[in-house]
Each structure stands twice: as C-alpha cells, then as structure tokens.
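Here the structure comes first, spelled out in structure tokens, and everything after it is commentary.
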Amino acid sequence: MYPPPHAYPPLPTPARRWWHHPALVITALVLIPPLGIALAWTGRWSKGKKIVATVLAGLWFLTPFLGDPPKKTGTEAKPQAAAAAPSSSPSPGPSPSGPPGFVGQNLRAAKSGASSAGYDSISHDASDGNAGQADEDNWKVCFQAPAAKQTGKLPTLDFAVVRNEVPCPAKNGDPIPYPKMPKVVGLTFARASGTLKPIGLRKVEPQSAYTDVSLPAAVDDWTVCFQEPAEGTEVRDPKTTTAYVKLTAPGTPCPVQQNTELHPKPTPTPDDDDSGTSSTGGSASGSGGSSTDGGSTGGGGAGTVTPGAFCSPAGAIGTGKNGSAYTCKGPTPNRWRR
C-alpha cells in the first residue's frame with residue numbers, strides 16, 4: 001500500500017481592503033446608495049447580507065422619485081390658462097348660437113361689434129319718425145333683429161335706434177315717451193329740485209314770486225308758487241331746457257298771479273288841477289259840475305273825470321276823456337268806475 005498523500009496547508013485569507021470596512025460600507029449605503037451597493041458586493045459580506053443591503057439601499061435611493069408630483073400653484077397655472085384662451089376665441093363668421101346683443105350701445109360701436117362677429121348691419125329710426133342716422137355717434141341701439149334682406153354674403157342685423165338724449169320707445173315704431181314736467185308747485189325748492197333731477201334738465205333756476213322781493217343765497221326752504229315749463233309739458237330736449245321756479249319765503253303766501261309786488265305803493269290821489277276832481281265837500285269828484293246831493297251828472301263843467309280817481313258822493317255820474325260815462329261807486333273808497 002501506498003502512504004496517504006501529503007495534505008496541503010489551507011490557502012491564506014486575503015487581506016481586507018480599507019474600503020470594505022463594514023462601517024464605511026454602511027455609511028455609503030445610506031449617503032450614496034449606488035456606491036454602497038457596489039462596495040457590499042465586492043466585500044466579504046455573505047450573499048444574504050448583500051441582498052438585504054441592496055434592497056434597502058435601493059428603496060432608500062428611489063423613495064424621493066416615487067412620491068406624488070407637487071401641485072402647481074396659481075402662478076404656474078396661469079400660463080396654461082392664457083395659452084388656452086386663443087382656442088376659445090370665436091372663429092370668423094357668425095356664431096352658431098346667434099349674434100351678440102348690442103342693445104344700449106352706441107350705434108357706431110354696435111356696427112363695429114357686429115362686423116367683428118361676422119355680421120353686416122343696417123339701422124333705422126326706432127320711433128314713429130323717419131330720421132336718418134348721419135352721425136352714428138349720436139344714436140343708441142334700442143332694438144335689434146335680423147334684417148329682412150341681407151346686404152351682402154353675411155347675415156345682416158337691423159338696429160332700431162334713437163338719439164342718445166331721448167328714451168327708447170316701448171316697442172319698435174312707437175312714439176318716443178318724452179319725459180313730462182311733474183308738478184312741483186307747493187314743494188320747497190329742495191324737494192322740487194330732487195323731483196326734477198331724473199329728467200336731466202340743464203338747470204333748475206329759482207326766481208322770486210314777488211317782483212319787489214330779492215332771493216337770499218339759500219332758498220332750499222322757500223316754497224314754489226309758479227313753475228315753467230308747466231306741469232305735464234313734454235321735455236323733448238332736457239339738456240337744453242331750464243326749469244324756472246318762482247319762490248316765496250316760508251310763511252309768506254303765494255301771489256294770486258305772477259309779476260305782483262308784495263308791498264305795492266298806494267295809488268296817489270289826483271290833484272284837482274290835473275284831474276278836475278274834488279275831494280272835499282259833497283260835490284262829485286271830477287271837473288264836471290255836480291250837485292252836493294249827487295243827483296246831477298258830471299262832465300258839464302270845465303273838464304272831465306279821471307277813471308279810477310277818488311270821488312263823492314256815491315252815485316254821481318261823470319264823463320271820461322274818451323266820452324264814456326263813469327259812476328262814482330264802491331267798494332269803499334268810492335272811485336270813478338264804469
């Protein structure tokens with residue numbers, strides 16, 4: 001028999017490199033997962049430890065990329081909304097849903113808007129008149145409807161219009177409902193001004209109801225006695241119309257008629273030399289002779305009586321310069337009256 005073969009000594013374990021130190025590998029797996037995984041697989045770790053380290057480091061590395069994307073703020077979303085706006089703008093030509101509304105707009109602006117929307121346009125007087133629209137800026141649209149005939153290839157809108165300063169009629173072709181002057185007589189000036197304001201008058205001017213009374217600076221509490229234009233008058237052009245209101249002070253009654261003095265001067269008594277009348281005795285006033293009992297007629301003397309002059313006695317008769325007969329009668333005091 002042969003002797004057993006000689007046993008060889010075991011191979012020496014290779015020296016561990018410094019970068020395979022467990023502490024360094026774990027640190028790399030946490031801070032730089034790809035580098036840590038490479039170090040783990042080239043080191044002396046068991047296969048099971050390498051697999052566990054690889055899985056954990058891989059999850060740690062991929063976690064930030066697996067979360068929900070951050071929501072966009074309002075500022076970031078605005079460019080998209082702005083970019084989407086052009087696609088929602090109307091395309092050239094009439095809209096399938098119908099034309100835009102232009103009622104209330106200036107005629108020139110309405111025609112421009114209709115053209116932009118793909119429509120031709122014409123206009124006519126919305127009232128019972130037949131005025132032309134030479135200056136489109138001075139007219140406004142009250143009604144709109146499809147025109148009976150197209151003016152070209154595009155559909156046509158027919159605008160019913162009135163001048164800017166007047167109200168629209170109730171319906172196309174009706175008379176214009178011009179505003180009417182309300183009654184302000186009996187109101188204070190302040191209330192009258194408020195009542196007239198909706199009409200859009202150029203001015204409300206206060207005046208004194210008495211010709212011998214001047215208005216103070218503040219007349220809000222003065223009372224309106226007369227108004228012009230009168231109640232119920234149509235105001236066809238408010239912008240050029242001035243309302244005149246004649247006022248009286250608080251506690252002072254209104255005059256019976258306009259152009260009246262609050263304190264009229266007394267009528268002077270005519271002189272005997274000028275009028276031929278006498279204010280004494282029992283004779284009739286006037287230049288004509290008359291008896292003191294009033295039974296004789298005047299006008300038989302050197303002159304004639306003056307109508308309206310004081311006379312006596314009651315019942316005396318005289319003749320005026322025009323040859324008319326006058327009688328001395330009341331109410332007291334007696335005057336020559338017809």
(request) Collect residues whose amide H, placed 1.01 Å from N in the peptide plane, falls under 5 Å from the amide H of Gly118; neighbours closer than 5 in sequence don't count. (result) Gly93
(message) Distance cut-off 25 Å, Cα to Cα: go down the list Lys246/Lys329; Lys140/Lys246; Lys203/Lys246 and report the pairs above it.
(response) Lys246/Lys329; Lys140/Lys246
(message) Please report the projected area of the stretch 120-217's Cα convex hull averaged over all directions, in nm².
(response) 9.4
(message) Taking 8 Å as the Cα distance limit and 6 or more residues as the minimum spacing, I'd like the relative contact order of the stretch 164-262 as a percentage.
(response) 35
(request) Read phi for every residue in the stretch 251-266 and hand back ³J(HN,Hα) as whole Hz from Karplus 6.51 cos²θ - 1.76 cosθ + 1.60, θ = phi - 60°, with x for Gly and Pro. (result) x, 9, x, 6, x, 5, 9, 6, 6, 10, 8, 6, 10, x, 6, x
(message) Ranking request for peptides 161-170, 306-315: highest mean number of other beta-carbon atoms within 10 Å first, then the rest in descending order.
(response) 306-315, 161-170
(message) Less than 24 Å apart at the alpha-carbon level, and either on another chain or at least 8 residues along: which lysines does that give for Lys153?
(response) Lys111
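Bear in mind that the values in this text are calculations on the coordinates, not laboratory data. Remember, it's a predicted structure, so these values are computed and weren't measured experimentally. Every residue, glycine as well, gets a Cβ built from its backbone with ideal geometry; the counts of neighbours run over all protein chains shown.
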